[in-house]
1. Using only Cα atoms, locate the centre of the stretch 47-125 and the centre of the stretch 283-343, then give the distance between them in Å, rounded to an integer.
2. Name the most mobile residue of Arg105, Arg162, Arg80, meaning the one with the largest mean-square fluctuation, in a Gaussian network model of the chain with Cα contacts below 10 Å.
3. Name the aspartates and glutamates eligible as straight-distance cross-link partners of Lys332: C-alpha to C-alpha under 15 Å, and not fewer than 8 places from it in the same chain.
4. In whole angstrom, how long is each semi-axis of the equivalent ellipsoid of the chain, when you take the square root of 5 times every eigenvalue of its Cα gyration tensor and sort them from largest down?
5. Taking the dipole about the Cα centre of the chain, with the C-beta of Lys and Arg at +1 and of Asp and Glu at -1, give me whichever of Gln101, Ser230, Phe21 is farthest to the positive side.
6. First compute the accessible area of the chain with a 1.4 Å probe, then give the percent of it belonging to carbon and sulfur atoms.
7. As a test of understanding, state the convex hull volume per residue of the stretch 122-300 from its alpha carbons, in Å³.
8. Using θ = phi - 60° and the Karplus form 6.51 cos²θ - 1.76 cosθ + 1.60, what ³J(HN,Hα) does each residue of the stretch 205-213 get, whole Hz, x for Gly and Pro?
Amino acid sequence: MNVESVSLADFRSYPEARFTFTPGLTAVLGSNGRGKTNLLEAVGFMAGIGSLRGVPDEALVRSGTDAAVVRGEIAADDGRQFLVEIEIARTGRNRVLLNRQRVSRLRELAGALTVTVFSPDDLQLVKGSPAHRRRWLDEALVACHPARESVRADLDRILRQRNTALRQARGRISPDIAVTLDVWDAKLAAAGDQLRCLRRELLSGLVPRLAAAYAVVAGAATEISADYASSWGPEPLAEALAAARSDDVRRGVTTVGPHRDDVSFEIDGLAARTHASQGEQRSLALALRLAADGEVRARRSVKPVLLLDDVFSELDPGRAGALALALPDGQKILTSATGVPPGCSADQVLLLDGPARSPERP
Ligand SMILES: Nc1ncnc2c1ncn2[C@@H]1O[C@H](COP(=O)(O)OP(=O)(O)O)[C@@H](O)[C@H]1O
Ligand SMILES: [Mg+2]
(Lines give C-alpha, C1' and ligand atoms only; values in the text may rest on other atoms or scores of the structure.)
(Ligands and ions follow the chains in the order given, each with its own letter.)
Protein backbone atom coordinates (compact mmCIF):
# COMPACT_ATOMS: atom_id res chain seq x y z
CA MET A 1 0.00 0.00 0.00
CA ASN A 2 1.10 3.56 -0.66
CA VAL A 3 0.36 6.85 0.95
CA GLU A 4 -0.05 9.16 -2.02
CA SER A 5 -0.73 12.44 -0.28
CA VAL A 6 -1.16 13.94 3.16
CA SER A 7 -2.82 17.30 3.80
CA LEU A 8 -2.63 18.88 7.21
CA ALA A 9 -4.48 21.78 8.80
CA ASP A 10 -3.55 22.94 12.30
CA PHE A 11 -1.87 19.61 13.00
CA ARG A 12 1.04 20.00 15.48
CA SER A 13 3.39 22.68 14.05
CA TYR A 14 1.63 22.83 10.64
CA PRO A 15 -0.95 25.60 10.04
CA GLU A 16 -1.46 24.19 6.54
CA ALA A 17 0.62 21.83 4.45
CA ARG A 18 0.33 19.22 1.73
CA PHE A 19 2.80 16.47 0.91
CA THR A 20 2.85 13.97 -1.92
CA PHE A 21 4.84 10.74 -1.79
CA THR A 22 6.30 8.37 -4.36
CA PRO A 23 5.82 4.60 -3.90
CA GLY A 24 9.52 4.09 -3.09
CA LEU A 25 11.71 5.58 -0.39
CA THR A 26 11.18 9.19 0.67
CA ALA A 27 13.76 10.91 2.86
CA VAL A 28 12.26 13.74 4.90
CA LEU A 29 15.18 15.97 5.81
CA GLY A 30 15.40 19.02 8.03
CA SER A 31 17.09 20.26 11.13
CA ASN A 32 15.67 19.62 14.59
CA GLY A 33 12.23 20.94 15.33
CA ARG A 34 11.25 21.35 11.67
CA GLY A 35 8.27 19.00 11.86
CA LYS A 36 9.70 15.72 10.58
CA THR A 37 8.30 13.60 13.38
CA ASN A 38 5.06 15.59 13.24
CA LEU A 39 4.63 14.56 9.60
CA LEU A 40 5.21 10.86 10.36
CA GLU A 41 2.83 11.16 13.29
CA ALA A 42 0.12 12.39 10.91
CA VAL A 43 0.69 9.37 8.65
CA GLY A 44 0.54 7.08 11.69
CA PHE A 45 -2.71 8.71 12.75
CA MET A 46 -4.20 7.93 9.32
CA ALA A 47 -3.37 4.27 10.04
CA GLY A 48 -5.46 4.37 13.20
CA ILE A 49 -2.63 3.88 15.71
CA GLY A 50 -3.05 7.21 17.50
CA SER A 51 -0.05 9.34 18.35
CA LEU A 52 3.38 7.88 17.55
CA ARG A 53 4.63 9.44 20.76
CA GLY A 54 1.78 7.95 22.75
CA VAL A 55 0.41 11.31 23.85
CA PRO A 56 -3.26 12.34 24.10
CA ASP A 57 -4.91 13.61 20.92
CA GLU A 58 -5.14 17.19 22.15
CA ALA A 59 -1.33 17.51 21.86
CA LEU A 60 -1.76 17.04 18.10
CA VAL A 61 -3.95 20.11 17.71
CA ARG A 62 -1.85 23.17 16.88
CA SER A 63 -1.62 25.43 19.89
CA GLY A 64 -4.12 28.26 19.79
CA THR A 65 -6.55 26.36 17.54
CA ASP A 66 -9.50 24.09 18.33
CA ALA A 67 -9.19 21.26 15.84
CA ALA A 68 -6.69 19.63 13.51
CA VAL A 69 -7.51 18.01 10.19
CA VAL A 70 -5.52 15.19 8.58
CA ARG A 71 -6.54 14.13 5.12
CA GLY A 72 -4.77 11.42 3.16
CA GLU A 73 -5.05 9.43 -0.05
CA ILE A 74 -3.96 5.81 0.04
CA ALA A 75 -3.55 3.35 -2.81
CA ALA A 76 -4.07 -0.22 -1.55
CA ASP A 77 -2.05 -3.13 -2.92
CA ASP A 78 -5.18 -4.58 -4.54
CA GLY A 79 -5.84 -1.41 -6.54
CA ARG A 80 -8.47 0.12 -4.26
CA GLN A 81 -8.24 3.81 -3.38
CA PHE A 82 -8.95 5.14 0.09
CA LEU A 83 -9.58 8.65 1.27
CA VAL A 84 -9.06 9.10 5.00
CA GLU A 85 -10.28 12.27 6.69
CA ILE A 86 -9.88 12.88 10.40
CA GLU A 87 -10.85 15.88 12.42
CA ILE A 88 -9.11 15.86 15.77
CA ALA A 89 -10.97 18.03 18.23
CA ARG A 90 -9.15 19.54 21.19
CA THR A 91 -12.14 18.57 23.30
CA GLY A 92 -14.80 16.03 22.41
CA ARG A 93 -14.85 13.20 19.91
CA ASN A 94 -12.85 12.95 16.71
CA ARG A 95 -14.62 12.66 13.38
CA VAL A 96 -13.21 9.87 11.24
CA LEU A 97 -14.28 9.35 7.63
CA LEU A 98 -13.17 6.56 5.33
CA ASN A 99 -14.16 7.19 1.72
CA ARG A 100 -16.59 9.78 3.09
CA GLN A 101 -18.33 7.22 5.35
CA ARG A 102 -18.24 7.79 9.08
CA VAL A 103 -16.36 5.13 11.06
CA SER A 104 -16.86 4.87 14.78
CA ARG A 105 -13.33 4.01 15.85
CA LEU A 106 -9.94 5.26 14.70
CA ARG A 107 -8.56 1.72 14.79
CA GLU A 108 -10.88 0.70 11.96
CA LEU A 109 -8.57 2.65 9.64
CA ALA A 110 -6.08 -0.22 9.92
CA GLY A 111 -7.99 -1.93 7.12
CA ALA A 112 -7.11 0.94 4.76
CA LEU A 113 -3.59 1.76 5.89
CA THR A 114 -1.17 -0.32 7.92
CA VAL A 115 2.14 1.13 9.00
CA THR A 116 5.23 -0.26 10.67
CA VAL A 117 6.88 2.42 12.77
CA PHE A 118 10.55 2.45 13.78
CA SER A 119 11.50 5.04 16.33
CA PRO A 120 14.43 5.65 18.69
CA ASP A 121 11.90 5.16 21.51
CA ASP A 122 11.58 1.52 20.46
CA LEU A 123 14.36 0.78 22.92
CA GLN A 124 11.55 0.98 25.49
CA LEU A 125 10.09 -2.20 23.97
CA VAL A 126 13.06 -3.98 25.50
CA LYS A 127 13.95 -1.81 28.50
CA GLY A 128 10.63 -0.22 29.42
CA SER A 129 7.52 -1.24 31.31
CA PRO A 130 5.30 -4.18 30.24
CA ALA A 131 2.80 -1.71 28.73
CA HIS A 132 5.24 -1.07 25.85
CA ARG A 133 5.44 -4.77 25.01
CA ARG A 134 1.67 -5.26 25.28
CA ARG A 135 1.17 -2.33 22.91
CA TRP A 136 3.65 -3.88 20.44
CA LEU A 137 1.81 -7.19 20.53
CA ASP A 138 -1.68 -5.67 20.31
CA GLU A 139 -0.70 -3.35 17.45
CA ALA A 140 0.71 -6.34 15.59
CA LEU A 141 -2.52 -8.24 16.29
CA VAL A 142 -4.66 -5.50 14.74
CA ALA A 143 -2.21 -5.03 11.85
CA CYS A 144 -2.45 -8.78 11.10
CA HIS A 145 -6.24 -8.93 11.52
CA PRO A 146 -7.85 -5.47 11.31
CA ALA A 147 -11.24 -7.02 12.12
CA ARG A 148 -9.94 -7.93 15.58
CA GLU A 149 -9.47 -4.35 16.67
CA SER A 150 -12.65 -4.69 18.71
CA VAL A 151 -11.20 -7.39 21.00
CA ARG A 152 -8.79 -4.94 22.59
CA ALA A 153 -11.29 -2.05 22.63
CA ASP A 154 -13.94 -4.23 24.31
CA LEU A 155 -11.47 -5.37 26.93
CA ASP A 156 -10.47 -1.79 27.79
CA ARG A 157 -14.11 -0.78 28.14
CA ILE A 158 -15.04 -3.75 30.36
CA LEU A 159 -11.97 -3.19 32.51
CA ARG A 160 -12.85 0.47 33.06
CA GLN A 161 -16.36 -0.50 34.12
CA ARG A 162 -15.18 -3.26 36.45
CA ASN A 163 -12.68 -0.90 38.07
CA THR A 164 -15.42 1.69 38.57
CA ALA A 165 -17.51 -0.97 40.34
CA LEU A 166 -14.51 -1.93 42.49
CA ARG A 167 -13.96 1.66 43.56
CA GLN A 168 -17.63 2.06 44.38
CA ALA A 169 -17.35 -0.96 46.69
CA ARG A 170 -15.03 1.06 48.98
CA GLY A 171 -13.30 -2.06 50.16
CA ARG A 172 -16.44 -4.03 51.12
CA ILE A 173 -18.28 -6.73 49.16
CA SER A 174 -21.98 -6.00 49.66
CA PRO A 175 -24.57 -8.26 47.96
CA ASP A 176 -25.19 -5.52 45.36
CA ILE A 177 -21.50 -5.19 44.55
CA ALA A 178 -21.17 -8.97 44.29
CA VAL A 179 -23.95 -9.10 41.69
CA THR A 180 -22.40 -6.23 39.69
CA LEU A 181 -18.98 -7.85 39.81
CA ASP A 182 -20.42 -11.20 38.66
CA VAL A 183 -21.61 -9.46 35.50
CA TRP A 184 -18.29 -7.72 34.77
CA ASP A 185 -16.25 -10.80 35.67
CA ALA A 186 -18.12 -12.90 33.11
CA LYS A 187 -17.53 -10.29 30.38
CA LEU A 188 -13.90 -9.71 31.35
CA ALA A 189 -13.22 -13.45 31.50
CA ALA A 190 -14.54 -14.02 27.98
CA ALA A 191 -12.67 -11.07 26.44
CA GLY A 192 -9.54 -11.74 28.49
CA ASP A 193 -9.22 -15.44 27.68
CA GLN A 194 -9.68 -14.60 24.01
CA LEU A 195 -7.07 -11.83 23.99
CA ARG A 196 -4.47 -13.94 25.83
CA CYS A 197 -5.03 -16.77 23.42
CA LEU A 198 -4.67 -14.48 20.38
CA ARG A 199 -1.54 -12.86 21.78
CA ARG A 200 0.09 -16.22 22.53
CA GLU A 201 -0.70 -17.55 19.09
CA LEU A 202 0.70 -14.41 17.47
CA LEU A 203 3.83 -14.48 19.61
CA SER A 204 4.64 -18.06 18.67
CA GLY A 205 4.46 -17.06 15.00
CA LEU A 206 6.70 -14.06 15.66
CA VAL A 207 9.54 -15.89 17.42
CA PRO A 208 11.18 -17.45 14.34
CA ARG A 209 10.93 -14.10 12.52
CA LEU A 210 12.44 -12.38 15.53
CA ALA A 211 15.47 -14.65 15.55
CA ALA A 212 15.96 -14.23 11.80
CA ALA A 213 15.65 -10.44 11.94
CA TYR A 214 17.96 -10.24 14.95
CA ALA A 215 20.60 -12.27 13.14
CA VAL A 216 20.49 -9.88 10.17
CA VAL A 217 20.59 -6.67 12.22
CA ALA A 218 23.19 -7.86 14.75
CA GLY A 219 25.23 -9.70 12.13
CA ALA A 220 25.37 -12.90 14.15
CA ALA A 221 23.10 -15.91 14.60
CA THR A 222 21.86 -15.80 18.18
CA GLU A 223 19.23 -17.69 20.09
CA ILE A 224 16.24 -15.46 20.80
CA SER A 225 13.34 -16.64 22.90
CA ALA A 226 10.11 -14.90 23.83
CA ASP A 227 7.81 -16.00 26.61
CA TYR A 228 4.31 -14.76 27.24
CA ALA A 229 4.33 -13.93 30.96
CA SER A 230 0.73 -14.01 32.07
CA SER A 231 -0.63 -12.47 35.25
CA TRP A 232 -2.71 -15.59 35.91
CA GLY A 233 -2.14 -19.32 35.65
CA PRO A 234 -3.31 -21.90 33.14
CA GLU A 235 -6.87 -21.81 34.55
CA PRO A 236 -9.63 -19.80 32.81
CA LEU A 237 -9.61 -16.10 33.72
CA ALA A 238 -13.01 -16.51 35.43
CA GLU A 239 -11.39 -18.66 38.13
CA ALA A 240 -8.48 -16.26 38.58
CA LEU A 241 -10.88 -13.32 38.91
CA ALA A 242 -12.93 -15.16 41.52
CA ALA A 243 -9.79 -15.98 43.49
CA ALA A 244 -8.59 -12.36 43.29
CA ARG A 245 -11.95 -10.76 44.09
CA SER A 246 -11.41 -9.86 47.73
CA ASP A 247 -7.94 -8.54 46.92
CA ASP A 248 -9.34 -6.51 43.98
CA VAL A 249 -12.09 -5.03 46.14
CA ARG A 250 -9.59 -4.08 48.82
CA ARG A 251 -7.28 -2.40 46.31
CA GLY A 252 -9.98 -0.97 44.05
CA VAL A 253 -8.37 -2.28 40.83
CA THR A 254 -8.37 -5.43 38.72
CA THR A 255 -5.15 -7.23 39.54
CA VAL A 256 -5.30 -10.11 37.03
CA GLY A 257 -6.03 -10.09 33.32
CA PRO A 258 -4.36 -9.35 29.98
CA HIS A 259 -3.76 -5.74 31.06
CA ARG A 260 -1.21 -7.06 33.59
CA ASP A 261 0.56 -9.47 31.23
CA ASP A 262 4.05 -9.08 29.78
CA VAL A 263 6.41 -10.62 27.25
CA SER A 264 9.92 -11.56 28.33
CA PHE A 265 12.72 -11.84 25.77
CA GLU A 266 15.96 -13.71 26.17
CA ILE A 267 19.10 -13.31 24.08
CA ASP A 268 21.29 -16.40 24.31
CA GLY A 269 19.45 -17.49 27.44
CA LEU A 270 19.79 -14.16 29.31
CA ALA A 271 16.95 -11.75 30.02
CA ALA A 272 17.17 -8.96 27.45
CA ARG A 273 15.71 -6.29 29.73
CA THR A 274 18.25 -6.73 32.50
CA HIS A 275 21.27 -8.45 30.93
CA ALA A 276 21.66 -7.35 27.30
CA SER A 277 24.04 -4.58 26.24
CA GLN A 278 22.64 -1.36 24.79
CA GLY A 279 23.65 -2.53 21.29
CA GLU A 280 21.92 -5.88 21.76
CA GLN A 281 18.82 -4.13 23.07
CA ARG A 282 18.76 -1.86 20.01
CA SER A 283 19.12 -4.85 17.70
CA LEU A 284 16.29 -6.63 19.49
CA ALA A 285 14.04 -3.54 19.28
CA LEU A 286 14.62 -3.35 15.50
CA ALA A 287 13.99 -7.09 15.22
CA LEU A 288 10.66 -6.72 17.08
CA ARG A 289 9.48 -4.19 14.49
CA LEU A 290 10.78 -6.21 11.55
CA ALA A 291 9.21 -9.42 12.86
CA ALA A 292 5.78 -7.84 13.29
CA ASP A 293 6.04 -6.32 9.82
CA GLY A 294 6.95 -9.72 8.34
CA GLU A 295 3.99 -11.37 10.06
CA VAL A 296 1.56 -8.79 8.64
CA ARG A 297 2.96 -9.34 5.14
CA ALA A 298 2.62 -13.11 5.47
CA ARG A 299 -0.89 -13.14 6.96
CA ARG A 300 -2.55 -10.42 4.89
CA SER A 301 -0.40 -10.24 1.76
CA VAL A 302 -0.19 -6.49 2.09
CA LYS A 303 2.92 -4.39 2.39
CA PRO A 304 2.74 -2.02 5.35
CA VAL A 305 4.18 1.44 4.82
CA LEU A 306 7.40 1.73 6.80
CA LEU A 307 7.84 4.89 8.85
CA LEU A 308 11.38 5.33 10.15
CA ASP A 309 11.77 8.28 12.50
CA ASP A 310 15.39 9.30 12.90
CA VAL A 311 16.37 5.69 13.42
CA PHE A 312 19.67 5.46 11.60
CA SER A 313 21.45 8.19 13.55
CA GLU A 314 21.06 6.12 16.73
CA LEU A 315 22.79 3.09 15.25
CA ASP A 316 26.46 2.29 14.76
CA PRO A 317 27.46 2.05 11.06
CA GLY A 318 27.32 -1.77 11.09
CA ARG A 319 23.76 -1.96 12.40
CA ALA A 320 22.63 0.98 10.25
CA GLY A 321 23.92 -0.70 7.08
CA ALA A 322 22.36 -4.03 8.09
CA LEU A 323 19.01 -2.37 8.77
CA ALA A 324 19.05 -0.58 5.41
CA LEU A 325 19.54 -3.97 3.72
CA ALA A 326 16.95 -5.73 5.90
CA LEU A 327 14.12 -3.31 5.16
CA PRO A 328 11.43 -5.12 3.19
CA ASP A 329 10.14 -3.71 -0.09
CA GLY A 330 7.28 -1.28 -0.42
CA GLN A 331 6.86 2.37 0.49
CA LYS A 332 9.17 3.82 3.11
CA ILE A 333 9.21 7.27 4.62
CA LEU A 334 12.23 8.09 6.75
CA THR A 335 13.29 11.21 8.57
CA SER A 336 16.78 12.41 9.27
CA ALA A 337 18.45 15.57 10.50
CA THR A 338 21.78 14.56 8.98
CA GLY A 339 21.09 13.74 5.33
CA VAL A 340 20.12 10.51 3.60
CA PRO A 341 21.45 7.62 5.71
CA PRO A 342 24.23 5.48 4.24
CA GLY A 343 22.97 2.47 2.32
CA CYS A 344 19.60 4.11 1.55
CA SER A 345 18.95 5.39 -1.92
CA ALA A 346 16.06 7.83 -1.79
CA ASP A 347 13.66 8.16 -4.71
CA GLN A 348 12.41 11.40 -3.28
CA VAL A 349 13.83 13.95 -0.88
CA LEU A 350 11.47 16.24 0.99
CA LEU A 351 13.32 19.17 2.47
CA LEU A 352 11.49 20.81 5.35
CA ASP A 353 12.68 24.36 5.65
CA GLY A 354 11.19 27.66 6.70
CA PRO A 355 10.40 28.51 10.28
CA ALA A 356 9.94 25.54 12.54
CA ARG A 357 6.87 26.94 14.28
CA SER A 358 3.84 28.74 13.00
CA PRO A 359 4.90 31.23 10.31
CA GLU A 360 2.47 33.91 11.43
CA ARG A 361 4.35 34.28 14.68
CA PRO A 362 5.18 38.01 15.11
N1 LIG B 1 0.35 21.05 19.18
C2 LIG B 1 1.37 21.80 18.72
N3 LIG B 1 1.17 23.09 18.35
C4 LIG B 1 2.19 23.82 17.87
N5 LIG B 1 3.43 23.39 17.72
C6 LIG B 1 3.70 22.12 18.06
C7 LIG B 1 2.69 21.26 18.59
N8 LIG B 1 3.24 20.07 18.85
C9 LIG B 1 4.54 20.18 18.53
N10 LIG B 1 4.82 21.40 18.05
C11 LIG B 1 6.13 21.90 17.60
O12 LIG B 1 6.67 21.03 16.62
C13 LIG B 1 8.07 21.08 16.72
C14 LIG B 1 8.67 19.70 16.76
O15 LIG B 1 8.44 19.07 15.59
P16 LIG B 1 9.05 17.65 15.32
O17 LIG B 1 8.29 17.08 14.20
O18 LIG B 1 9.14 16.86 16.57
O19 LIG B 1 10.52 18.05 14.87
P20 LIG B 1 11.64 17.17 14.20
O21 LIG B 1 11.80 17.72 12.81
O22 LIG B 1 12.85 17.41 15.04
O23 LIG B 1 11.19 15.76 14.22
C24 LIG B 1 8.44 21.80 17.99
O25 LIG B 1 8.94 23.07 17.69
C26 LIG B 1 7.13 21.88 18.73
O27 LIG B 1 7.05 23.02 19.51
MG1 LIG C 1 11.89 14.16 15.29
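The values are calculated or read from the model by the stated rules, or taken from the named source; none is laboratory data. None of these values were measured; they are calculated from a predicted model. Virtual Cβ from ideal backbone geometry, glycine too; neighbours counted across all protein chains shown. We work out accessible area using only protein heavy atoms, side chains counted, and drop any ligands, DNA or RNA first. Shrake-Rupley method; radii C 1.70, N 1.55, O 1.52, S 1.80 Å.
1. The distance from the Cα centre of the stretch 47-125 to that of the stretch 283-343 comes to 21 Å.
2. Arg80
3. Result set, ordered by chain and number: Glu4, Glu41, Asp77, Asp293, Asp309, Asp310, Asp347.
4. Values: eigenvalues 259, 146, 67 Å².
Working through the eigenvalues yields semi-axes of 36, 27, 18 Å.
5. Gln101
6. Roughly 50 percent of what the probe reaches on the chain is carbon or sulfur.
7. Details: hull volume 19.3 nm³, N = 179.
With only Cα atoms used, the stretch 122-300 gives 108 Å³ per residue.
8. Using θ = phi - 60°, the values come out as x, 7, 4, x, 5, 4, 5, 5, 5 Hz.
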